[in-house]
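Structure, as structure tokens:
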Amino acid sequence: DFDSLASAREQARSALGYERWDCELTSGAGLPPDAVHLARLACMSGHELYALALPPTCPPRPAPIEFVSPSNERLALLFLRTRLGDLGAHEAATRDLDDDAFVDGSPSPETAPSAVEATPPPKPSFLGPLARELGLNHATRVVSVGGDRGLVAARALQLGEVVVSVPLAAVVCAHTCCVAEPWLSAALDAIDEGEWTANLRLMVILVRERRRASKSRWSSWLDSLPQAYGDCAQWEDKYCTRLPAALYWVRHALVAEIDEFLERLLPELCVAFPDLFPAGPPSSSEWRWVRAVVATRAIELPLTDGKSEPALVPLLDMLQHSPRSPLEHSIVGSALELRALTPLSAGASLTLDYGSRMGASELLLQHGVGPGVIEAAHVFVALQLPAELAEEACIAAVLLLEQLTTGGLEMHWLTERDPLPSPLLLAARLLVLDETEVKTVDRAFQGEPVGPENERRALLLLQEVISALLEPADPYADVEEQVPAAEAAAAVTQTAIIDYCEAHERICRTSLELIEARLLGLPPSTGEPGNSTMNFLSGGQAAQAMLKTCCNGGFTCESDVVMNRRRREDSSGIN
């Protein structure tokens, strides 16, 4: 969710003391440290933002943002190099961006993980007809390793060298097809389905081109596409019974939406634009196939007035996934160029980052990629105010969570490296706070327990929430009818599902073990108020007491997040 990420970055920038996103460059001087710090912040993924520690009050001077991760550092330096290239007149600052820094701390391309391991021998013959048909340049620098995915370098490549160049006219997208057939623009503009709109337009185009067969300018590329994908719309239901409940129902809803578009939208388009599908709307299998191609192979490109749209790029769509890709792509003139970010030896695997920021569950749903090929598997955890306590619950605690932490109340992740993260503990401690603990609430923001009873309630809350994540998606499913692991592992997609489910269960159980250990380390319950009955403060009392206690009276809840919440909730009397 790009809007949520942008909001979280704005929140972090303000909390760390940076007034703006821009920095002043002085003639002859090097790159200002603040530029590097802001670039790191601008390139942080959701998980990296979540782990970023924010001060409870705005510091007098901007707080430095130190090294986050190899992938973040590379993205930040690439971002700075691009912006400095746009400015064009700051040689001193540009010299500070040593090319060697782009690969510091990253594994070599030969050892970088990928979605499907390359299997020799190379098969370069397939690429020849495709390159000639679409006018691809430098295609002799790559070779296919068999199957529908997997490219390796045909020879050694230098830093910054063009690996392959694809003419924009050869890219499958709405912009290209509407140039060739202007009437098609009106038909595509009639599709307005919110966040689905751009992908649906590309799916319609792909159906048309596939039906043209040899008459399509992309016929060789279309013939090379497989008939089955790891996209969740093509999963068999019998393989999904082991999925966590939340992911199971997300997949179920997504497939239902795809089918709903087929049954409602496409017949309407056929009536309004008869030439769109002369042979009639696509079948269910055809529709799911084009959705799978778009979901697993399309990339975002700024093709129309600088606005990004999904596009399918022949040859580039054969690149496997790696979170530390040694390549970057950019539009240069009338072509899309793929360049090497590092020197590559002959036979090195050529990969592209499909979107590691999406996390394990999104990559599994979109690409059938298991957690073994991304930087960290994660489990999503959301806390909620109990319905019976909604009127009396501590509203100030929720506001403080929204203001001072990236996770807030509903966005937390358990990972292999950190199965019980401090932001989640902070959220739980504040959520079960009672009036006797307000004076010591500042301990929570220092990463310490507020008190033994508060810690017990917080841990029991987390234990209940995380245990629920281990419940099966369909508790009434007949276990004997579920597909055995050996059979499911026969295909890459089913193996990825099993890998994901095992990682999910492993992370949850590790988290529960840590919670149990913390509970055993607490002193026996004293039976004090708040132990069995949560004695919450009213919102107004808690706000005054908590803000005064943990922020020394100097904290002002006037951020966009709080102001927007205030505007939404004025009618309920919450100030």
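Quick notes on this one:
- Cut-off 11 Å between beta-carbons: net charge of the residues surrounding Leu41, Lys and Arg +1, Asp and Glu -1: 0
- Here the label points at Glu193 and Leu520, each 7 Å from Cα along the C-beta direction, are separated by 5.2 nm in the simple model.
- Overall, the accessible surface of the range 32-78 at a probe of 1.4 angstrom is composed of carbon and sulfur to the extent of 64 percent.
- In units of the compact-protein estimate 2.2 N^0.38 Å, the range 156-206 shows a Cα radius of gyration of 1.58.
- Cβ-Cβ FRET estimate between Thr440 and Ser467, R0 fixed at 30 Å, reported to 0.05: 0.60
- Take the Cα of Ser345, step 7 Å toward its Cβ, do the same at Glu260, and the gap between the two points is 5.3 nm.
- Extension gain, Ser7 back to Trp183 (0.36 nm per residue minus Cα-Cα distance, nm): 59.5 nm
- Exposure of Asp305 as accessible area (Å², to 10), given a probe of 1.4 Å and all protein chains: 140 Å²
- With every protein chain in place, the range 268-339: carbon and sulfur % of accessible area (1.4 Å): 52 percent
- Computed FRET value (nearest 0.05) for Arg417 with Glu300, which takes r as the C-beta separation and R₀ as 30 Å: 0.55
- Where a label projected 7 Å from the Cα of Glu19 along Cα→Cβ would reach, residues of the range 53-79 with amide N under 13 Å: 61-62
The values are calculated or read from the model by the stated rules, or taken from the named source; none is laboratory data. Remember, predicted model here, so these are calculated numbers, not experimental data. Here the Cβ is made from the backbone with ideal geometry for all residues, glycine too, and neighbour counts use every protein chain on show. The area values use the complete protein model at the heavy-atom level, side chains included, leaving out ligands, DNA and RNA. Shrake-Rupley method; radii C 1.70, N 1.55, O 1.52, S 1.80 Å.
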